[in-house]
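The block underneath contains the structure these notes are about, expressed in structure tokens.
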Amino acid sequence: MSDENTKSLIFSVKNLRKSFGPVEVLHGIDLTLRGGEVHAILGENGAGKSTLVKILSGFEALTQGELHISDGSGSSQRLTLWNNAIAEQAGVVLIHQEFNLAEQLTVAENIFLGNEINGRFFLDKKTMRIKAQEYLDVLRSDIDPDAAVDQLPVSAKQMVEIAKAQAKNARVLVLDEPTAVLTQQESQVLFELIDRFRQDGVAIVFISHKLDEIKQIADVITVLRDGELVGSYSAADLSKDDMARLMVGRELSSLFPEIPKVPDASKVVLRVSDLLLQGSSEPSSFELRKGEVLGFSGLVGSGRTALIETVLGLRNSAKGNTGRVELRGERVNFKQLSVARSKGVAYLTKDRKGSGLLLEKGLVFNFSLFSLHKISRLLIDTKQEDVAFKKAVETFDIRMKDKSIVAGNLSGGNQQKLLLAKILEAEPSVIIIDEPTRGIDIGTKSQIYHFIAELVASGHSLILISSDITEVIGLSHRVAVMYHSQISGVLEGDGIEEHEIMRYATGLKNKPSHHDQLGSGTSNA
Amino acid sequence: MPKFDLKTAGPFIALVVVFTIGVLVNDAFLSSGNLSNILARSSFIGIVAIGATFVITAGGIDLSVGSMAAFISGCMILLMNALMDTIDSMVAIIILAIIASLGIGAVAGLINGLLTTKAKIEAFIVTLGTMGIYRSLVTYMADGGTLSLNFTIGDVYSEVYYGVFLGLPYPVWVFLAVAVIGYVLLNMTVFGRHCFAVGSNESVARYSAINVDRVKTATYMLQGVCVSIATIIYVPRLGSASGQTGILWELEAIAAVIIGGTVLKGGYGRIWGTVVGALILTLIGNILNLTDAVSNYLNGAVQGIIVIVAVYLQRGAWRRD
Ligand SMILES: Nc1ncnc2c1ncn2[C@@H]1O[C@H](COP(=O)(O)OP(=O)(O)OP(=O)(O)O)[C@@H](O)[C@H]1O
Ligand SMILES: [Mg+2]
């Protein structure tokens, strides 16, 4: 938008086509990126957004089409040879939807990976460390440059990716769903940063399924549908409803369904009392009733996932923990996840790539892995397995052009749908989902919300951990907010409200966390 | 999917090639005596390698199988010789020894499994350790020499190795049975799926309610039982055991698995590939025996080349798809 910068860069593609084997997934796309502009790309899961930006940044070869780049000085140059190395040379940097970090290395080493600063004889580790710290400071991130990347939570990994792009002097910065793993606060920090890149004349490509964000930062919006270009629009001209309509190709119904009330006589299904998490001094207690959605809110790192995984025995509790977990009134010890599953409890991890799916295995293999017991006596009934898979593909609207691909080749959102299908295939009655709609398009999101409403109506109980505060508010009967590895407050009814949640999430407010007060009883005041 | 798959077809093509070379090299190669000899010999490595396919598919490795075979042989011989004084029926003695052998194999596997899963020591190190332990134990039991099976029992027991059913020696039938059971177990049961999942990504396996430790331990136990089965048909052939028994079996077994297309880092396993791998290795030894063109002493070198070429071809095939 800042056009005083006349030497602005223009990077464009014409009639771009891409096939994987015999299957074409992009059918002739035109796109023009300009320096100083934030260009959002919108589209349903599997529309081809990631594939498009992978081609722009040289990670995938194009099947057909032309790439042009010009410095704004008039002459435009056709790029005949294009790959990742040339793209980086030209300043095109992609931050992948699925991260691309060397997990064993430190943060600083990752930031300068492939871009190392040399000293006289050896790598100049000290300078790299100091520089890395500077980049992280700009991001207002308190990540330690010496921390090993595999020890970091996902949101921190995202920050490392962005710091890495800074180190590469990006002229075209492509961000594929960068905010999917960030909280709102963290996203705002990212947007300020994007703004700074924009003022410096960098062309930014931004992919997100969160239409609010697109409204907030995009200058231009390009919409893809099923591999076709729907059009490019000035962001000022589109409302959020317009965006959704262009993406899906039809009018959308309301995002959130009516969630049925919890019957007064409803029994407590899951009760956790005085559970002490590692690194916490205050024990946590909560309960979940039949037919209830209990939301968990809090900042990233506030211990929501840790709490649930400790309950499920996936992590150890703190030493000297005297807490107890009761399922339907019976004390349980979920030593193995299989114990939880056999008692009707299922858990959807938010770490899709690391703990959710076997990326190099087929779709059916992944789908049935959690529910094999259902389809096998001595041997696995593969016919039944195929039938169940076909049904799940329909229920969850898993979209792929080719059923024989491995899970890693599904689009990000469709991987998430496959993971959800995998967990629910075990027919659990207590369902714990961590960031269930991460990377999922708005149409499918609405489908999943309606699905949750149906589950609740039929007597299932849900725990919903989510960084998407509208999602928590829109679906939960009660919301537990966590701060510093303990539950700082439980809100219900009209008390469930964004500012109130934030107050508890940031530690401004803190209820004495004694389980009597955190129960599902009527009074919470 | 009519697509030609080099990964699956590769070992079979290699088998045909090696077989053709055999036919060309010496007329004696095709004699029924030679062929059934090849099959019987490949049974030992083959059966051990089927166990190894499970271990490797689930992301582990077992270096102790050769020493374990020697140790189990030693135990069986000592036991049978000792029982001579108390039990009259030779058959009963042999059956008892077989049961003991299976038990020792399973326990030895269990020990490897528990050390890797519970004590969290790398499989390579654990089995390197147990490899040394079993080898040394059998040498100790034999007092540095050789343990020989009592002749009377040996006569009866030799039927297990030399007996023939429908034209094929018993060991071949045992090999076939183990292969079929292994195939079904790996490809058609929940346990098999779990092996693939654990070898592919342990964390995903854990979050899929798979008891990772139990699956891994089970693969080592399965390996132990396979070693024991191989030993049961091996003892009557030689009638003795010493510190030299079963030397380098672990390498041959792993080679057979790798030639067969199973991936060493885990996650992919092919039983029929392993069977073919074992056949190829035995064929090479046999052909070198039948020809003067290449010295028999170069057997190991030829096998090594085959393993490296096989893996190279497999990698190439991956890159293409
Ligand atoms: N390596 C691959 N092999 C085969 N098909 C692929 C491969 N990569 C992507 N696809 C297919 O291309 C299509 C477009 O995928 P892409 O990842 O670009 O979608 P997307 O718009 O980024 O979706 P999402 O919002 O879910 O991230 C999908 O049908 C996907 O399955
Ligand atoms: Mg994508």
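The values are calculated or read from the model by the stated rules, or taken from the named source; none is laboratory data. None of the values given here were measured: they were computed from a predicted structure. Cβ coordinates were reconstructed from backbone atoms using ideal geometry, including for glycine residues, and neighbour counts include every protein chain displayed.
Regarding segment A:225-233, can at least one residue be identified that is closer than 23 Å to A:Asp397 by Cα, touching a helix residue (DSSP H, G or I) at 6+ places or on another chain (Cβ under 8 Å) and away from ligand 2 (no atom under 16 Å from the Cβ)?
Yes.
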Report yes if some residue within segment A:315-325 is within 11 Å of another protein chain (Cβ to nearest Cβ) and among the β-branched types (Val, Ile, Thr); otherwise report no.
no
Identity of the residue in segment A:5-28, near ligand 1 (Cβ under 10 Å from one of its atoms) and farther than 29 Å from A:Arg198 by Cβ, that ends up modelled with the lowest pLDDT
A:Gly21
Yes/no for A:Val223 being β-branched (Val, Ile, Thr), within 16 Å of ligand 1 (Cβ to nearest atom), over 20 Å from the mean Cα position of the chain (by Cα) and away from chain B (no Cβ under 14 Å):
yes
Of all residues in segment A:399-408 being within 14 Å of ligand 2 (Cβ to nearest atom) and part of a loop (DSSP other than H, G, I, E, B), the one that is farthest from A:Ile440 (Cα to Cα):
A:Met400
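A quick yes/no check of all residues on (1) modelled with pLDDT of 85 or more; (2) within 30 Å of the chain's Cα centre (by Cα); (3) assigned to a loop (DSSP other than H, G, I, E, B); (4) within 16 Å of ligand 2 (Cβ to nearest atom):
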residue	(1), (2), (3), (4)
A:Ser50	yes, yes, no, yes
A:Leu62	yes, yes, yes, no
A:Arg78	no, no, no, no
A:Gln97	no, yes, yes, yes
A:Glu109	yes, yes, no, no
A:Arg120	no, no, yes, no
Scan of segment A:409-433 for residues that are in a helix (DSSP H, G or I) and more than 8 Å from ligand 1 (Cβ to nearest atom), ordered by number:
A:Lys417, A:Leu418, A:Leu419, A:Leu420, A:Ala421, A:Lys422, A:Ile423, A:Leu424
Report whether or not B:Thr274 is of a type in the set (S, T, N, Q) and more than 30 Å from A:Tyr347 (Cα to Cα).
yes
B:Thr127, sole failed condition from (1) among the polar types (S, T, N, Q); (2) more than 14 Å from chain A (Cβ to nearest Cβ); (3) over 22 Å from B:Ala69 (Cβ atoms); (4) surrounded by 15 or more Cβ atoms within 10 Å (Cβ to Cβ):
(3)
For segment A:179-203, which residues satisfy the criterion of being at pLDDT 85 or above and among the acidic types (Asp, Glu)?
A:Glu192, A:Asp195, A:Asp200
With respect to A:Leu113, is the statement that it is of a type in the set (A, V, I, L, M, F, W, C), out of contact with any Asp or Glu (no Cβ under 6 Å at 6 or more places or on another chain) and within 16 Å of ligand 1 (Cβ to nearest atom) true?
no
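What number of residues within segment A:77-90 satisfy the criterion of being among the polar types (S, T, N, Q) and surrounded by 14 or more Cβ atoms within 10 Å (Cβ to Cβ)?
1
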Quick check on my filter: what residues within segment A:316-352 are within 15 Å of A:Lys422 (Cα to Cα) and buried (at least 19 other Cβ atoms within 10 Å of the Cβ)?
A:Leu337, A:Arg341, A:Val345, A:Ala346, A:Tyr347, A:Leu348, A:Thr349, A:Lys350, A:Arg352
Conditions: (1) surrounded by fewer than 21 Cβ atoms within 10 Å (Cβ to Cβ); (2) assigned to a loop (DSSP other than H, G, I, E, B). A:Gln188 meets all but one. Number of the miss?
(2)
